[in-house]
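Heads up: the structure comes next, in structure tokens.
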Amino acid sequence: MDRPPPPRSAIVVHGGAWAIPDDEWRAHRDGVERAIRAGWAVLQENGSALDAVEAAIVVLEDDPTYDAGIGSVLTRDGHVEMDAAIVDGRGLDAGAVACVRDLKNPILAARQVLQSDHVLLSGEGASAFARSRGIVACEPASLIVPRERARLARLLAEELGREVDPREAFGQPAAERPNGTVGAVAIDRGGNIAAGGSTGGTPGKLSGRIGDTPIPGAGLYADNRLGGAACTGWGEGILRIGLARNAVSHLRDSAGQDAAWLAVREMDDRIQGKGGVIVLSRDGSLGFAFNTPRMAVGYMDGEIADPWIIGNDNR
């Protein structure tokens, strides 16, 4: 009796789903490519899917292009509050942090939570836990970039109904405000699947708001029996519909691409939610779908020499 072929190592990364302006598209694509290369290097050295996902997301958190780590959006009162999570498909284990203000790479703290007795820690408790695990805190101000100060000024001005100074304007109508949440899904040579995500949340959010990214089943999910998924977009909608777990559940009867589209279409039909999802099936096959104008996605496996950067555009 022939044995099934060994699992195919693969990694897929996203850099957010929203109306990415033309002058920012190259930066979004380049960052995704760097993240894929970092994660793929781990897989090539026979590293774990968890390590690959973590490595990819660290690259994106360090890049101010995205709404994660450095460059995160600001709350209404001018702070950065970040969420991150990572899921291990072997035993459905998960670790997450929410509303952290002083961690340059929240995904590292989420990985430490995964290795603890807890699933989700928030605020100062999450930061204290991270310090206890050797993760050095940063100055919260070091995470803020001028782009986000200008964006917050614009949002607050719009609420007051006054004309916006052009120097404050980001140039995006309210319906197209950026969501550069980052995420990754990987499968290693052992067939283990992991998914992770990191975000600064929604521009101008209330302090203490937690979106979908740190919630297993909503913003991300992984199950070795089926596959893994990571989401981006309108967090409240993704939370309500359980987008990541829906996408993975569709893998029971559908290929990766079909599973992704079925999940996004259900979100759109039921709650008019906007966003996107990346999917890897347990054989390493790719799926992705989005109903926003653009989504930055990239993929790599052993059958291609360089990352496949997907410049899909719904406009």
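The values are calculated or read from the model by the stated rules, or taken from the named source; none is laboratory data. Keep in mind it's a predicted model, so treat the numbers as computed, not measured. Cβ atoms come from the backbone with ideal geometry, glycine included; neighbour counts cover every protein chain shown. Quick note on the areas: whole protein, heavy atoms, side chains included, nothing else; ligands and nucleic acids left out. Shrake-Rupley method; radii C 1.70, N 1.55, O 1.52, S 1.80 Å.
Taking Lys and Arg as +1 and Asp and Glu as -1, the other residues whose beta-carbon sits under 13 Å from that of residue 130 total +3.
Per the Debye calculation on the chain with a single equal scatterer at every Cα and no solvent contribution, log₁₀ I(q)/I(0) for q = 0.09, 0.13, 0.16 Å⁻¹ amounts to -0.39, -0.82, -1.25. Among complete DSSP H helices in the chain, those whose alpha-carbon atoms stretch at least 15 Å along the helix's long axis and whose mean Kyte-Doolittle hydropathy reaches 0.0 are 49-61. Over region 206-315, the hull volume per residue, using the convex hull of the C-alpha atoms, is 110 Å³.
With the highest mean first, a sort of the peptides 128-135, 10-17, 44-51 on other beta-carbon atoms found within 10 angstrom per residue produces 10-17, 44-51, 128-135. Cα-Cα pairs above 19 Å in region 1-155: how many percent? Counting pairs separated by more than 19 Å, the tail of P(r) holds 58 percent. To two decimal places, what compactness ratio does region 1-72 give when its Cα radius of gyration is scaled by 2.2 N^0.38 Å? Taking the Cα Rg and dividing by 2.2 N^0.38 Å, one obtains 1.34.
The relative contact order of the chain, computed from alpha carbon pairs under 8 Å that lie at least 6 residues apart in sequence, is 25 percent. Largest accessible area first, the residues 241, 187 order themselves as 241, 187 under a 1.4 Å probe with ligands, DNA and RNA left out.
Give the calculated FRET efficiency between residue 92 and residue 142 to the nearest 0.05, with a Förster radius of 30 Å applied to their Cβ-Cβ distance.
Working: r = 35 Å, r/R0 = 1.17.
Computed FRET efficiency for residue 92 and residue 142: 0.30.
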